[in-house]
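As C-alpha cells, the structure follows; a few thoughts come after it.
The values are calculated or read from the model by the stated rules, or taken from the named source; none is laboratory data. Being a predicted model, the structure only gives us computed values, none of them experimental. Note that each Cβ is placed from the backbone with ideal geometry, even for glycine, and that neighbours are counted across all protein chains shown.
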Amino acid sequence: MQPAGRVPQPAPGTSAKSPTIMKTVCLLLAVIAFSSASFDAASQEFKPYPRANISPAQWQTYFDEVRQKHGASVQDIEAQRLLVYIDSVTGTIYGFTKAGHPAHPAWVSRKPEQRGDSIFMAQIGYFAGEEAPFAKLFREYQELNERMNEELARRQSQASPAGGRAAVSVEVPHSLSASNQDKQWQPSVEQRKRVLSDVLDYLAAKDKRNFSEAYAKFTESQKAAVPFDKWEADMRAFYGDAGAAERRTLQRVTWYKNPANAPPGVYAAVNLESQFSELSLHCGFVAMQLQMDGTFAVTREEENSISKREMAKLSPEKLQQVRAQYRC
C-alpha cells in the first residue's frame, strides 16, 4: 500500500481532491460550513500516518483523539455502521467504522480546501482490517464528493450576484424519530433533497430581510398562529441585534410520520447552527411539513442565541449550562 498522499490516481489511503468553482457565495455541501479561519494548532492532524495500512492500536489512538475533541458532534449512523464526527473549525468530517462494518476498523476523513477561486474536497483514509471492503468505502465517499460538487455548482449558478445567501451546509444525516409507529417507513430520496432545499430557501429569504417571501413558506396553520405583522417586527428586531448572517450549518434532519399531538402527515425537524456578525452563539431548528404538491412548508421554528456582549459575562460553567439548555 502506497503512502496516504499518493496522487493523481486516488486509491485507498490517498488524498483525493475534486475542484469546484467558487463564485461570490461559498456554499459547502458537507456536514460543515467552510471557514477561512482554517487550521489552528489545536486542530486534529488530517494525515496522521504515512501509510494507509495501519494497526488496530493506531486506529484506536486516532479514534480516541477525534472523539475527545469532537465528541459533541457525533452522528451515529446505525444503518451504515458508521460514527461521524465534525470539526466545526476546519470543516473536517471523520467517518469511522463501527463493529460489524466489513471494513472495520477503518476511517475516511474529508475536508474542504480553498485554493484561489476553487474549493477542493480533500479525502484520506486508513484501515486496520481488510483492504477490499475499505477500498469500497473509500470509493463511496469519493462518489459522495462528486455529487456534492455537482450540487454545489448548481446552487452557485442559482445564487444571486450580490451574494444574498450566507455560506451554508446542505448535506446532513437523516434519521427517523423513535416515536414513529410505522418502523418500516422511510422518506424518499426526493423528500430528503426537497426538505433541505426548501429550508435553505426559507433561511435565505430571512437573511436577505425579504420577510414576505419567507412568510409565504409558512403552512396555513402557522400563518393563523403567527400574524405576519408581529412576526415581521420580531424578525426585524432580531436581525437588528444579530447583524448579518454569515454562515448556516444544517446539522441533522429527524423525520416524523403522523406524530402525536399534531395533524397527520410527514414532518422533518431540521436542526441548525448559525453564525451572525453580532452573536457569539445561535442554534435552533425549523420544523417542515410535507405539502400536497411535494414541497415542504414551515410549521414551527425555534431560535436560541447569545450576543457577544452577553457571552462576555458568562462563566465557562454558566455557558455550558446555557448550551445544554439550548441544545447547542
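Can you find, within the range 68-93, the residue that is modelled with the lowest pLDDT among those that are touching a strand residue (DSSP E or B) at 6+ places or on another chain (Cβ under 8 Å) and among the small types (Gly, Ala, Ser)?
Within the range 68-93, the match that is modelled with the lowest pLDDT is Ser88.
Restricting the first residue to the range 84-99 and requiring it to be under 19 Å from Gln142 (Cβ atoms), which pairs with a second residue that is outside any strand (DSSP E or B) and charged (D, E, K, R) meet a Cβ separation below 7 Å and a spacing of at least six or different chains?
Thr97/Arg81
Rundown of residues vs (1) aliphatic (A, V, I, L, M); (2) touching a Gly at 6+ places or on another chain (Cβ under 9 Å); (3) buried (at least 19 other Cβ atoms within 10 Å of the Cβ), yes/no style:
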position: Val253; (1), (2), (3): yes, no, yes
position: Asn258; (1), (2), (3): no, yes, no
position: Leu272; (1), (2), (3): yes, yes, yes
position: Ser280; (1), (2), (3): no, no, no
position: Thr295; (1), (2), (3): no, no, no
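Among the numbered conditions (1) of a type outside the set (Gly, Ala, Ser); (2) modelled with pLDDT under 70; (3) in a strand (DSSP E or B), tell me where Gln9 comes up short.
Result: Gln9 passes all but (3).
Which count do you get for residues in the range 249-290 that are of a type outside the set (A, V, I, L, M, F, W, C) and farther than 22 Å from Gln181 by Cβ?
Here the count works out to 11.
Filtering the range 157-172 down to residues that are crowded, with 18+ Cβ neighbours inside 10 Å and of a type outside the set (Val, Ile, Thr), which residue is modelled with the lowest pLDDT?
Residue satisfying both the conditions and the ranking: Ser169.
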